[in-house]
Amino acid sequence: MLDTVVTPLRSLWDNLIERLFFLPPFPESIDSLALFSLLLVVGLLIGEWLHKHAGWPKVIGYVLAGTLFGPAVLGWISIEALAQARPIADAALGLLMMEVGRRLDLGWLFRNRELLRSTSADIGLSFILIFGFALWLVGLSPAWAAATAAVTMASAPAVVLLTVEEAKAQGQVTERIILHTAIGAAASFIAFTVVLGVVHAELSEDWLNALIHPLWVAAGALLVAGIGTWLALTIARSLPKRSLAQVFVLVACAMLAVGIARMLAVPVFLTLFLMGVLLASRDRQQTLRYTQLPEGHWLLAIILFVIVGASLPWQDFTWLAGLQALGLLVVRAVAKVGALSWSGGSLPLPKRVLVGMGIQPLSATAVFMAYEIAALYPEVGRSALTLPLFAAVIMELAGPALCRLALVKSGECESGNRGSGGIA
Amino acid sequence: MNDKPLGEFKDSAALSLGVELELQLVSRRDFDLTRAATDLIGSLDYDQRYGEIKLEITESMIEISTQPQPTVDGIAADLGGLRDTLRSHCERHNIQVCGGGTHPFHHWPERRICPGERFNDLYQRYGYLAKQFTVFGQHIHVGCTSADDAIWLTQALGVHVPAFIALSASSPFVDGVDSFYQSARLNAVSAFPLSGQCPALNSWEEFREHFGFLQACGIAQGIKDLYWDVRPKPEFGTVEIRVCDTPLSIEQATSLAALAQSLARWLLRTRPALHTAKQAFVARYNKFQACRYGMEAMISDPVALCQQPLKQSVANLLESLSEDARALNCEHWLNPLRLAVADGTGDAAWLRARQDKHGNLNDVVREASDRLMRHSAQSPEKMR
């Protein structure tokens with residue numbers, strides 16, 4: 001479809017270039033800045049339209065925009081363009097992961113031991129049930145079943161943060177959704193690191209990679225995160241608290257960490273999550289504690305979800321894969337809601353169930369993790385990880401809606417109804 | 001309109017005390033106000049031994065109220081018990097509680113009205129004022145043995161409103177800026193149509209007639225609609241002093257209760273002449289002076305036709321109350337007030353000093369919250 005427009009343009013250009021020698025050669029690919037702008041505007045428009053007319057979370061619109069214009073449907077965003085936009089996606093995911101890391105409040109677990117029980121139950125049950133489903137019902141090998149469980153066990157930090165922000169939700173259900181998401185992310189990253197070694201051990205006879213790769217990922221991410229944190233805190237200490245200059249320092253140090261992580265082939269999501277955790281735990285003088293990311297970082301998040309939408313493997317869809325993914329999501333939902341129903345004290349059961357519903361999203365981090373693992377052994381990895389990728393496909397659309405529904409049902413969202421005595 | 005009958009004045013033990021404190025619920029992440037009250041109350045596992053913990057108009061507020069107590073030490077014990085109960089429950093919810101008359105930097109449009117018919121009615125009636133009413137005060141009830149005494153005491157205490165304002169002032173910051181006031185909280189209260197002073201009424205009968213008049217005119221439905229600085233509370237059998245900011249510590253709140261009890265005893269014992277009609281002309285000015293300047297206020301005397309420095313008159317008053325405070329066994333609670341008057345220190349000055357030190361208001365709230373939650377040297381059990 002794109003060719004019908006481009007081909008006559010190219011021939012016209014080629015004719016002109018013979019006479020107008022200042023013209024550059026016909027541009028074969030779109031400039032990255034132009035692509036960035038297009039993705040932003042298209043994602044924004046679809047997200048806003050769906051939000052206004054159907055009341056859906058905007059994230060769904062961004063993902064649908066990516067899917068529509070991506071390689072699977074219209075093909076306007078090519079695979080090359082996706083690769084070109086990847087640094088922007090990494091930056092966006094990095095900032096969101098850093099924010100989730102900053103919100104990981106381990107102290108709360110010790111002030112409320114019931115939460116320790118509920119988060120452990122969520123992590124443990126999710127991993128075990130998904131692993132068992134993938135191993136025995138789908139028939140994956142132990143290594144790929146573990147990889148599937150590691151990738152899908154946690155909620156989606158980026159989706160949860162965006163949905164909470166969009167709904168302006170505040171309260172115990174919201175706070176616990178964020179806590180479970182952050183702790184689940186930490187657990188899934190640990191599982192992911194271990195699984196890297198397991199996959200190497202199963203698919204390669206070279207034991208060195210099985211040992212060193214997980215260490216490289218863990219130590220590398222920690223080192224880069226540590227450098228980023230140290231730099232951010234050291235520079236920020238000389239600046240006024242909550243100043244714009246501190247915001248720039250925070251974002252710049254985060255981008256530096258993203259860049260170094262990409263250079264060292266260390267997962268960006270893990271590095272920036274660790275940087276967030278370190279920023280929250282090492283900041284004893286509250287230097288950056290109150291410094292918030294600029295509103296603009298949500299623009300990057302739009303790009304992230306358009307790219308995630310375009311990266312989803314719709315073209316590989318089969319009914320069997322779809323059913324298996326649905327089965328995985330049911331098992332995962334049972335694990336999470338079951339864990340929350342069993343524990344999570346100081347909150348009534350219906351609200352705990354809502355927390356379980358709110359942590360259902362599965363999105364960018366899972367997709368990126370799956371691609372990281374699949375890239376190790378491309379010949380088998382992509383097909384072996386079809387299951388988590390299709391689960392992510394389904395949850396890209398259902399996850400934000402479930403999270404929003406949980407927040408609305410909890411009564412913690414800002415209400416636009418002026419007559420109801422809510423928020424005017 | 002659902003008019004609530006005034007009912008009879010329920011006599012209570014002379015000079016018995018009750019204290020209500022409106023407290024701030026803040027996020028541990030950034031120390032801004034947060035939506036937490038209904039969740040907190042909903043999960044409260046508490047047998048009300050120290051008094052009640054209740055919702056207030058917005059979700060970022062909570063009210064604690066002690067049991068009626070004959071002594072100030074009893075009030076201290078209840079407030080300590082309520083503070084400890086709140087601390088443990090708030091820790092489980094990952095929030096903190098803070099004192100102070102205003103939250104220094106919250107954004108009032110973000111506040112949420114608590115569920116409930118009364119709160120919704122208030123929101124519908126007063127609109128945005130209901131959200132701006134996210135300010136935090138201390139109310140002190142003093143028991144009276146007769147309705148006429150309660151009306152007399154209401155008028156007599158009215159003269160001392162500037163002293164209570166200045167001694168409790170803890171709201172210098174509003175919307176993230178220094179208001180220049182020592183107590184900016186009362187400016188939010190002043191916007192309500194039934195705020196201000198009790199009119200010049202001399203007996204319970206006159207009060208009944210006045211209240212009936214307000215009901216007939218459709219101005220007030222119940223006694224709760226009267227946001228007066230000092231008002232009688234017939235169902236409790238008390239007079240309620242409502243002008244204090246919530247102090248930054250339980251101990252300061254207890255000292256203010258001691259002042260109220262000693263002052264009420266002194267007033268009822270000495271029965272000074274009241275010039276209610278003349279006082280009405282200067283009351284608003286004197287209140288402004290105390291809110292704006294605290295102890296540095298100049299208070300107009302409508303009888304002597306001059307101005308007096310509030311600092312001097314409060315120091316004299318505290319001296320005059322010594323005998324009554326000793327009789328009530330609460331003089332040790334007046335000493336911190338004497339010290340604050342002499343040194344010119346107070347909660348508003350403390351908050352400004354923390355702002356000067358940190359350069360941001362998040363850290364000010366963090367430290368203020370720690371200050372409220374700190375255990376006092378004397379445990380409530382010992383004080384009982």
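Structure notes:
- Our helix-only sum for chain A, with -39,500 (n - 2.57) per DSSP H run of n ≥ 4 divided by its residues, gives a mean residue ellipticity at 222 nm of -25000 deg cm²/dmol.
- Surface share of carbon and sulfur [accessible, 1.4 angstrom probe, percent] for the protein assembly as shown: 61
- Over chain A: Rg over Rh, Cα atoms, Kirkwood Rh: 0.99
- Unit charges on C-beta of K, R, D, E only; dipole of the range B:38-173, Debye: 400
- The mean sequence separation of alpha-carbon pairs under 8 Å and at least six residues apart, normalised by the residue count of chain B, gives a relative contact order of 23 percent.
- Each Cα pair of the protein assembly as shown feeds into the Kirkwood radius, which the Stokes-Einstein equation turns, at 25 °C and 0.890 mPa s, into a diffusion coefficient of 83 µm²/s.
- Spin-label pair B:GLU235-A:VAL5: with each label point 7 Å from Cα along the Cα-Cβ axis, the two points sit 7.0 nm from one another.
- Note on surface exposure: A:LYS409, A:LYS351, B:LYS10 rank A:LYS409, B:LYS10, A:LYS351 by accessible area, highest first, 1.4 Å probe.
- Sequence-distant aspartates and glutamates (8 or more away, or on other chains) whose Cα lies within less than 14 Å of A:LYS336: A:ASP122
- Label sites at B:THR270 and B:SER203, each approximated as a point 7 angstrom past Cα along Cα to Cβ, lie 2.7 nm apart.
- Residue with peak Gaussian network fluctuation, chain B [Cα springs, cutoff 10 Å], from B:PRO115, B:PRO232, B:PRO172: B:PRO115
- Taking the C-alpha atoms of the range B:73-146, convex hull volume expressed per residue in Å³: 160
- In Å², nearest 10: area of A:HIS53 left accessible to a 1.4 Å probe: 120
- Shielding by partners, peptide B:89-95 (average Cβ within 10 angstrom, other chains): 6
- Calculated FRET value between A:SER341 and A:TRP13, using beta carbons and R₀ = 56 Å, to 0.05: 0.30
- Sequence of A:PHE269, A:PHE69, A:PHE22 from largest to smallest accessible area, 1.4 Å probe: A:PHE22, A:PHE69, A:PHE269
- Violating pairs (Cα-Cα greater than 32 angstrom) within the set B:LYS131/B:LYS287; A:LYS241/A:LYS351; A:LYS241/B:LYS131; B:LYS131/B:LYS278; A:LYS168/B:LYS54; B:LYS278/B:LYS311: A:LYS241/A:LYS351; B:LYS131/B:LYS278
- Gyration tensor (Cα) of the range A:290-424, equivalent ellipsoid semi-axes in angstrom: 32, 21, 14
- Ignoring aspartates and glutamates fewer than eight residues from A:LYS409 along the same chain, the ones with Cα atoms less than 19 angstrom from its Cα are A:GLU165, A:GLU166, A:GLU175, B:ASP39, B:GLU59.
- Rounded FRET efficiency, nearest 0.05, which uses the C-beta distance separating A:ARG113 from A:GLN285 and R0 of 22 Å: 0.15
- Largest GNM mean-square fluctuation across A:THR181, A:THR365, A:THR291, computed for chain A with C-alpha springs under 10 Å, falls on A:THR291.
- Taken over the range B:136-237, the ratio of Cα radius of gyration to 2.2 N^0.38 Å equals 1.19.
- Within the assembled protein chains, the solvent-accessible surface assigned to B:ARG125 is about 100 Å², based on a 1.4 Å probe.
- The average projected area of chain B, computed from the convex hull of its Cα atoms over all directions, is 17.5 nm².
- Computed on the range B:90-172, with alpha-carbon pairs under 8 angstrom and 6+ residues apart, the relative contact order is 40 percent.
- Per the Kirkwood formula applied to alpha carbons, the range B:280-384 shows a radius of gyration over Rh ratio, Rg over Rh, of 1.06.
- Normalised contact order of chain A, rounded percent, pairs of Cα under 8 Å and 6 or more residues apart: 26
- Ratio Rg/Rh [Cα only; Rh per Kirkwood] for the range A:209-334: 1.10
- Lys/Arg +1, Asp/Glu -1 at C-beta; the range A:1-80 dipole; positive extreme among A:THR7, A:PRO71, A:LEU20: A:PRO71
- Residue among B:GLY344, B:GLY143, B:GLY18 with the largest mean-square fluctuation in a Gaussian network model of chain B, springs linking Cα atoms under 10 Å: B:GLY344
- Point-to-point label distance, B:ARG118-B:TYR46, nm (Cα→Cβ direction, 7 Å offset): 1.7
- When A:GLU202, B:GLU240 are compared by accessible area at a 1.4 angstrom probe, the order from most to least is A:GLU202, B:GLU240.
- By the combined test of axial Cα extent (at least 27 Å) and Kyte-Doolittle hydropathy (mean at least 0.0), the qualifying DSSP H helices of chain B come to B:250-270.
- The heavy atoms of B:SER12 present about 30 square angstrom of accessible area, all protein chains included, probe 1.4 Å.
- Which of B:VAL230, B:ASN202, B:ALA150, positive extreme of dipole for chain B (C-beta unit charges): B:VAL230
- Global form of the range B:1-80, assessed from the alpha-carbon gyration tensor, a/c cut-off 1.5: oblate
- Helices that extend 24 Å or more along their long axis by alpha-carbon positions and average at least -1.0 on the Kyte-Doolittle scale are, among the DSSP H runs of chain A, A:2-19, A:32-54, A:79-102, A:113-132, A:172-203, A:207-237, A:244-264, A:319-342, A:386-409.
- When the protein assembly as shown is described by a simple charge dipole with +1 on each Lys and Arg Cβ and -1 on each Asp and Glu Cβ, the residue from B:VAL161, A:PHE133, A:VAL334 located farthest towards its positive end is B:VAL161.
- The range A:1-67 - Rg (one decimal) and Dmax (whole number), Cα, Å: 17.7, 54
The values are calculated or read from the model by the stated rules, or taken from the named source; none is laboratory data. Fair warning: this is a prediction, and the values are worked out from it, not measured in the lab. Positions of Cβ are generated from backbone atoms using ideal geometry, with glycine treated the same way; all protein chains shown enter the neighbour counts. Ligands, DNA and RNA are excluded from the accessible area calculation, which covers all protein heavy atoms including side chains. Shrake-Rupley method; radii C 1.70, N 1.55, O 1.52, S 1.80 Å.
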